[in-house]
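Structure first, commentary second.
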């Protein structure tokens, strides 16, 4: 069983570093846990989701491979895992869009501080 | 000879002073010795000769043994192959049976299947839930027969729990662990026993196909409360088992509690689902004593940092196996225990979003007392407190300031939110301190 607290903390740190905003990072975390609530995942299984999400946004690769292994890691049914995968993909896309904006904001801030 | 100097140290040969009779006796002794040695040499020569003769015989025996071994290995491989084929065959037969049972019309299944099949555990085990339900509602079977059907259907679960070597091993290890835990906790200054440094033994359901099947059955396959009602009617002992109830999803447990058909057993079933929590909480309650078992201040005063670490490690693995909303639904005795409150982070806290203000107040009060306990504060509680005071969702959940004053009076120490934020490395969310 995954230590969900450690995975959640790691994801929180990566998200806060990448987005530069604690509230946004917290929103992402809450989104992941809300999908877990919907499909009655245990905290350990949610830890797996956090861990996979964190690896994808940190490494920016192996997305398909990591998402493919979800079925083995979760106690959910196959149908549920498909839903969860689709949800995570959407969330990853959202993250990528927000990350671009966060990057631009950082540059603007830098410019303003000059 | 007279001129030669006397030398008392001159080495004697041993023959100088012997009489002819003695010499003769010595000669005989030596001859006997030589004869014995010759005899021994001859014996050895004979053994060597015999050995030379035996070598081919030994070689032949070795060859025979090798041939036997090869034959045995070949046979073993054949048996293994057969076993594999049998296993695959059994798997295929199982799959075919499952498919056939899924395809056959429910009405035909109930009316035309010979009754004896309904009490065959190897048949009933693979009957889909809808067909089992139809059987339970059918007039073809008497009430007693329905009990037999139910017992046949879930026999594999009870067999695994009561007789499998994995479960026996687990029970043994768990018993030793709990005993060591109880003893150590009662002796505040005793060093941590080695057994408690290792992770607590967990249910071995993932290690065996049957264990996995039980989990799959109760977690994913049974989604109909009526099926659980039948199990409760005909085989209530199933719901005494953590190895069964632990897999049932939390929303289903809530449905059980609300359903009258469970006739007051709902609370018992919920307790069975959180046996892992109750085990730890009971230890803590025993130490804190009656009347103060929920007193967070006493909890921090009583347990050492080392003891808290071990308690939290145990509780953490129980948390990992629960849904987050489940923590809020495990009953006030369980979630209001300081050891449960101690493991609450931002994630678990949000499971209490819909709880009343009084419940939220209990959590926040524990967080502030934990903060005041300094190094005894858990990482999870730090995360929760950070979230409450620095993230916009935090104050929406509960305004820490509302409790801070009360705790300050209780402890006769002022609690300053700005100071907490600084120590936890965050900034106070701008909306929080403005009333």
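The values are calculated or read from the model by the stated rules, or taken from the named source; none is laboratory data. What you see is a predicted model; the values in this text were computed from it and never measured. A quick note on method: Cβ atoms are made from the backbone with ideal geometry, for glycine too, and the neighbour counts reach across all protein chains shown.
Brief remarks on what is shown
- Some residue of the range A:43-57 being in a helix (DSSP H, G or I), loosely packed, with under 15 Cβ neighbours inside 10 Å and more than 14 Å from chain B (Cβ to nearest Cβ): no
- Within the range B:257-277, being in a helix (DSSP H, G or I) and within 14 Å of chain A (Cβ to nearest Cβ) holds for B:273, B:276, B:277.
- Residue count, the range B:150-178 (criterion: under 23 Å from residue B:108 (Cβ atoms) and either touching a strand residue (DSSP E or B) at 6+ places or on another chain (Cβ under 9 Å) or in contact (Cβ under 8 Å) with a residue 60 or more places away in the chain (or both)): 1
- In the range A:66-84, residue nearest to the chain's Cα centre (by Cα) [restricted to those that are crowded, with 17+ Cβ neighbours inside 10 Å and at pLDDT 85 or above]: A:84
- Selection within the range B:117-143 - in contact (Cβ under 8 Å) with a residue 60 or more places away in the chain and over 37 Å from the mean Cα position of the chain (by Cα): none
- Every pair of residues 6+ apart whose Cβ atoms lie under 9 Å, when the first sits in the range A:58-80 and is more than 14 Å from chain B (Cβ to nearest Cβ) while the second is assigned to a loop (DSSP other than H, G, I, E, B) and surrounded by 11 or more Cβ atoms within 10 Å (Cβ to Cβ): A:70/A:76
- Scan of the range A:81-114 for residues that are within 14 Å of chain B (Cβ to nearest Cβ) and either more than 30 Å from residue B:249 (Cα to Cα) or touching a residue at least 12 places away in the same chain (Cβ under 8 Å) (or both), ordered by number: A:83, A:84
- Picking from residues in the range B:341-354 that are part of a helix (DSSP H, G or I), within 20 Å of residue A:41 (Cβ to Cβ) and touching a residue at least 40 places away in the same chain (Cβ under 8 Å), the one that is farthest from the other protein chains (Cβ to nearest Cβ) is B:349.
- Taking (1) within 11 Å of chain A (Cβ to nearest Cβ); (2) within 32 Å of the chain's Cα centre (by Cα); (3) surrounded by fewer than 21 Cβ atoms within 10 Å (Cβ to Cβ); (4) without any contact (Cβ under 8 Å) to a residue 40 or more places away in the chain in turn, residue B:309 satisfies each apart from (1).
- Given (1) surrounded by fewer than 19 Cβ atoms within 10 Å (Cβ to Cβ); (2) within 14 Å of another protein chain (Cβ to nearest Cβ); (3) at negative phi, index of the condition residue B:386 fails: (1)
- Residues that are over 29 Å from the mean Cα position of the chain (by Cα), surrounded by 20 or more Cβ atoms within 10 Å (Cβ to Cβ) and closer than 18 Å to residue B:400 by Cβ are absent from the range B:335-344.
- For the range B:238-254, filtering for residues that are surrounded by 16 or more Cβ atoms within 10 Å (Cβ to Cβ) and in a helix (DSSP H, G or I) leaves 9.
- Residue A:14 falls short on exactly one of the conditions (1) over 30 Å from residue B:206 (Cα atoms); (2) in contact with a helix residue (DSSP H, G or I) (Cβ under 8 Å, 6 or more places away or on another chain); (3) within 14 Å of chain B (Cβ to nearest Cβ), and that condition is (3).
- Residue in the range B:399-413 that is touching a helix residue (DSSP H, G or I) at 6+ places or on another chain (Cβ under 9 Å), outside any helix (DSSP H, G or I) and buried (at least 21 other Cβ atoms within 10 Å of the Cβ) present: yes
- Test: residue in the range B:356-378 that is within 14 Å of another protein chain (Cβ to nearest Cβ) and without any contact (Cβ under 8 Å) to a residue 60 or more places away in the chain: no
- Residues (part of a helix (DSSP H, G or I), loosely packed, with under 13 Cβ neighbours inside 10 Å and more than 14 Å from chain A (Cβ to nearest Cβ)) located in the range B:178-209: B:179, B:183, B:186, B:194, B:197, B:209
- Considering residues of the range A:21-34 that are buried (at least 19 other Cβ atoms within 10 Å of the Cβ) and under 20 Å from residue A:79 (Cα atoms) only, the residue farthest from the other protein chains (Cβ to nearest Cβ): A:32
- Some residue of the range B:210-229 being out of contact with any strand residue (DSSP E or B) (no Cβ under 6 Å at 6 or more places or on another chain), farther than 30 Å from residue B:143 by Cα and within 14 Å of chain A (Cβ to nearest Cβ): yes
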